[in-house]
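The values are calculated or read from the model by the stated rules, or taken from the named source; none is laboratory data. This one's a predicted model, so the numbers in the text were calculated from it and none came from an experiment. With ideal geometry, Cβ positions are generated from the backbone for all residues, glycine too; neighbour counts draw on all protein chains shown.
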2 protein chains.
Amino acid sequence: MAKNITISVDAMGGDNGPEIVLLGAKMSLLERPNTRYIFHGREDELAPLLQKYSDLQAVSEIRHNDNVVSMDEKPSQALRKGRGKSSMWNALQSVADGEADAAISGGNTGALMAMATFCLRPMEGISRPALAAVWPTLRTEIVVLDVGATVGGDAKQLIDFSILGAAMARSLFDMKEPTIGLLNVGTEEVKGLEAVKDAAKELSSHTGRGYQYHGFVEGDDIGKGTVDVVVTEGFTGNIALKTAEGTARQVATYLRTALTQSWVSKLGALLASGGLRTLRDKMDPRNVNGAVFLGVNGIVIKSHGGTDEVGFKSALGVAYEMAQNRLMDKIGEGLKQFETPDQEAQKAASDGENDGEVASA
Amino acid sequence: MAKNITISVDAMGGDNGPEIVLLGAKMSLLERPNTRYIFHGREDELAPLLQKYSDLQAVSEIRHNDNVVSMDEKPSQALRKGRGKSSMWNALQSVADGEADAAISGGNTGALMAMATFCLRPMEGISRPALAAVWPTLRTEIVVLDVGATVGGDAKQLIDFSILGAAMARSLFDMKEPTIGLLNVGTEEVKGLEAVKDAAKELSSHTGRGYQYHGFVEGDDIGKGTVDVVVTEGFTGNIALKTAEGTARQVATYLRTALTQSWVSKLGALLASGGLRTLRDKMDPRNVNGAVFLGVNGIVIKSHGGTDEVGFKSALGVAYEMAQNRLMDKIGEGLKQFETPDQEAQKAASDGENDGEVASA
């Protein structure tokens, strides 16, 4: 029996207004009828829209809020102005208050990350939060993180990301021990990779505790789907994600040009349209919309700002799956499993040593 | 009148043996008849192959060498064993000795970078060398660096890469002031980007001196071809390059599946085969083979190890163009133009200040 899931929605976030948000929610409800919604935003805009969809209206509540975080506001500015009184903040507050199982927004990414960190607080034991993307590959969908929450990072941070990413894969893909790969460059003996190498050692020594450590992976392993979870720091992860999006668009443009260059090509494309439609579906970014902000005390989903109702529906699906499959519990289990009895004993011993040193000093 | 260009070739480098190297050279010679070759490697293997191509033989010389750097050797190991006595080292030595205008190898990347640095020495004024890739985009080909020579880097290093990349674009694409973009993430106010921000300031203040500074670019700007030169540190650059390669392969696989899923699709693909061939050519990695190791005193080209004769021919084309268009002179000009009279005066003044401080201390 699937339990009811309540999703708290920043109905004003995104470039395309609340219309696509409500329509996406209506579409998602058809697939997941045990969803409940709290829509945060301007009641005068939301109420007439909601009235059009009686099924949705029956499971929804509107919380009026006049303030909308704009897309170009700096995170610090948005936080100052919108804290406690914007549709984005209030969407998060519903999760903090235990009214909702997940929050979602298509608004300003930086502002959402800042607000989520302030409103929901970082999880105990996690040094910095991460933004995780669901990435389609030749094998299956995988999780890639961090795609832009933080820049740089030490071994501890990469390990945190691994625990978070593994928990997300367990929740989203219903797997027991997802494989983890650390993103790295192929050239050996390059200086400056201490963080990645140290993280590799730690992950390797704990393999089997909620994940299987695969080893290093390179950029082209993402598209191959070599592992279930690819871990890197946020600068590289963001560049990788955007570069892949750019390349996919580039190839799609080449293909369009190729299939319209003569009337014979056009006829061929028409005949092959069934196959090409499958291709278009596979490459449709709307079908993999919904990045997850991991490492705070609650489920927070970032929808693409420019998406439409189909994309928003996908992001709502991610929110639902994570909540239904107890993401937060799984992260907690992951953190606990990483602290092995050995490690704890070792820690206790080394604490003892330090005490000794202090005493003898 | 184009001058004769001598290319020094590590004939034993790469996964597919000297056959594809010599065949690629023969093909390149047809397009660039004023090329001369020095082939370094095992004479007993090379001589019989060369005899098959009399045109190539007439402009070539074999330098016997028994030692081959293996593909899986660590750079330090390769350097220790192969210094002064491997086909790879000797290919570089011909450039150091002024016998050849450029060196090329399809061998072990790390070893080639280490050997090039030792044999040709870093250029005066350049802190660390970079590996630059020629990247096909929707607009035209562009230069992206560093794609894996170094990890991390301060502002000075990103500025060096900009000067090197701009000189390469001027040599390869015959342009006067290529546009430069610094790779960055979109989210504002992320900590840890000081190097990128500082480099941006410097580049901006010197714009017009051999390049036009465009500003920050994101990962998807690479495929769009927003700028002529994209600059980043080597870890991110390598991940971006490999991720793009992986994505292109992924889409190509989707396309193949789509066009063979039914006999109607197959018939369509057959009719569209003209257009699809153009697409295949555009996506053929062999046509953009040949990364450039920049920042040492000589032109060094890295061919993909797994390429065939067509790919090796492309890499030879890069070597030829760079030599013909005086890459090294252009880098020198770039370095000089960056040191503005203002800057020099400022430097002299601040030296004076420092002297003063020392004197007063």
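Residues that are assigned to a helix (DSSP H, G or I) and buried (at least 20 other Cβ atoms within 10 Å of the Cβ) within the stretch A:287-320 comprise A:311, A:312, A:313, A:314, A:315, A:316, A:317, A:318, A:319, A:320, listed in sequence order.
When the stretch A:79-90 is limited to residues that are crowded, with 19+ Cβ neighbours inside 10 Å and touching a Phe, Trp or Tyr at 6+ places or on another chain (Cβ under 9 Å), the one that is nearest to the other protein chains (Cβ to nearest Cβ) turns out to be A:79.
Residue A:218 meets each of the listed conditions (1) at the interface with chain B (Cβ under 7 Å from one of its Cβ atoms); (2) over 13 Å from residue B:238 (Cα atoms) apart from (2). Against the condition surrounded by 15 or more Cβ atoms within 10 Å (Cβ to Cβ) and modelled with pLDDT of 95 or more, how does residue B:254 come out, does it pass? No; evaluated as a whole, the condition is false for this residue. What number of residues within the stretch A:5-17 are surrounded by fewer than 23 Cβ atoms within 10 Å (Cβ to Cβ) and out of contact with any strand residue (DSSP E or B) (no Cβ under 6 Å at 6 or more places or on another chain)? Adding up the residues that qualify gives 3.
For the stretch A:271-284, a residue qualifies if it is farther than 16 Å from residue B:253 by Cα and either hydrophobic (A, V, I, L, M, F, W, C) or not assigned by TED's automatic domain parsing to the domain that holds residue A:254 (or both), and exactly one does: A:271.
Only one of the numbered conditions (1) over 29 Å from residue B:326 (Cα atoms); (2) surrounded by 21 or more Cβ atoms within 10 Å (Cβ to Cβ) is not met by residue B:41, and that is (1).
When the residues of the stretch B:208-250 are filtered to those that are part of a loop (DSSP other than H, G, I, E, B) and surrounded by 20 or more Cβ atoms within 10 Å (Cβ to Cβ), which remaining residue is modelled with the lowest pLDDT?
B:210
For residue B:110, the conditions (1) within 13 Å of chain A (Cβ to nearest Cβ); (2) touching a residue at least 40 places away in the same chain (Cβ under 8 Å) are fulfilled apart from (2). In this structure, is residue B:237 more than 7 Å from chain A (Cβ to nearest Cβ) and within 30 Å of residue B:184 (Cβ to Cβ)? When the stated conditions are applied, residue B:237 passes them. Out of the residues in the stretch A:257-303 meeting the condition of being among the small types (Gly, Ala, Ser) and more than 8 Å from chain B (Cβ to nearest Cβ), tell me which one is farthest from the chain's Cα centre (by Cα). The selected residue is A:298.
Can you give me the number of residues within the stretch B:207-241 that are of a type in the set (D, E, K, R), in contact with a Gly (Cβ under 7 Å, 6 or more places away or on another chain), closer than 24 Å to residue B:151 by Cα and touching a residue at least 24 places away in the same chain (Cβ under 8 Å)?
Our first condition is that a residue be of a type in the set (D, E, K, R); within the stretch B:207-241, this holds for B:209, B:218, B:220-221, B:224, B:228, B:233.
Those still in the list that are in contact with a Gly (Cβ under 7 Å, 6 or more places away or on another chain) too: B:218, B:220-221, B:224, B:233.
From what's left, closer than 24 Å to residue B:151 by Cα: B:218, B:220-221, B:233.
Subsequent filtering for residues that are touching a residue at least 24 places away in the same chain (Cβ under 8 Å) retains B:218, B:221, B:233.
Final tally of qualifying residues: 3.
With respect to (1) surrounded by 23 or more Cβ atoms within 10 Å (Cβ to Cβ); (2) farther than 29 Å from residue B:156 by Cβ; (3) touching a Lys or Arg at 6+ places or on another chain (Cβ under 7 Å), the lone exception for residue B:260 is condition (1).
I'm checking my understanding of the structure. Among residues of the stretch B:114-136 that are in contact with a Pro (Cβ under 7 Å, 6 or more places away or on another chain) and within 23 Å of residue B:304 (Cβ to Cβ), which one is surrounded by the fewest Cβ atoms within 10 Å (Cβ to Cβ)?
Filtering the stretch B:114-136 for residues in contact with a Pro (Cβ under 7 Å, 6 or more places away or on another chain) gives B:114, B:117, B:122, B:129.
Cutting the leftovers down to within 23 Å of residue B:304 (Cβ to Cβ) gives us B:114, B:117, B:129.
Working: B:114: 23, B:117: 20, B:129: 25.
Among those residues, the one meeting the criterion is B:117.
Within 12 Å of chain B (Cβ to nearest Cβ) and touching a Gly at 6+ places or on another chain (Cβ under 9 Å): is that true of residue A:244 in this structure? The answer is yes for residue A:244. Where helices (runs of 4 or more DSSP H) sit wholly within the stretch B:105-207, those with at least 2 residues that are assigned by TED's automatic domain parsing to the domain that holds residue B:17 and over 20 Å from residue B:220 (Cβ atoms) occupy B:109-120.
Among all positions in the stretch A:197-208, there is no residue which is in contact with a Lys or Arg (Cβ under 7 Å, 6 or more places away or on another chain) and more than 14 Å from every other protein chain (Cβ to nearest Cβ).
Being acidic (Asp, Glu) and at pLDDT below 95, is that true of even one residue in the stretch B:79-97?
If we filter the stretch B:79-97 for residues that are acidic (Asp, Glu), which is where we start, we get B:97.
With the extra rule that they be at pLDDT below 95, the set shrinks to none.
No, the stretch B:79-97 has no match at all.
Reported count of residues in the stretch B:136-190, each being free of Cβ contacts under 8 Å to residues at least 60 places away in the same chain and touching a strand residue (DSSP E or B) at 6+ places or on another chain (Cβ under 6 Å), is 8.
Within the stretch B:296-315, residues that are more than 16 Å from residue B:109 (Cβ to Cβ) and of a type in the set (Gly, Ala, Ser) have Cβ atoms under 8 Å from residues that are modelled with pLDDT of 95 or more and buried (at least 23 other Cβ atoms within 10 Å of the Cβ) in these pairs: B:298/B:92; B:298/B:95; B:298/B:102; B:298/B:103; B:298/B:116, counting only partners at least 6 apart in sequence or on another chain.
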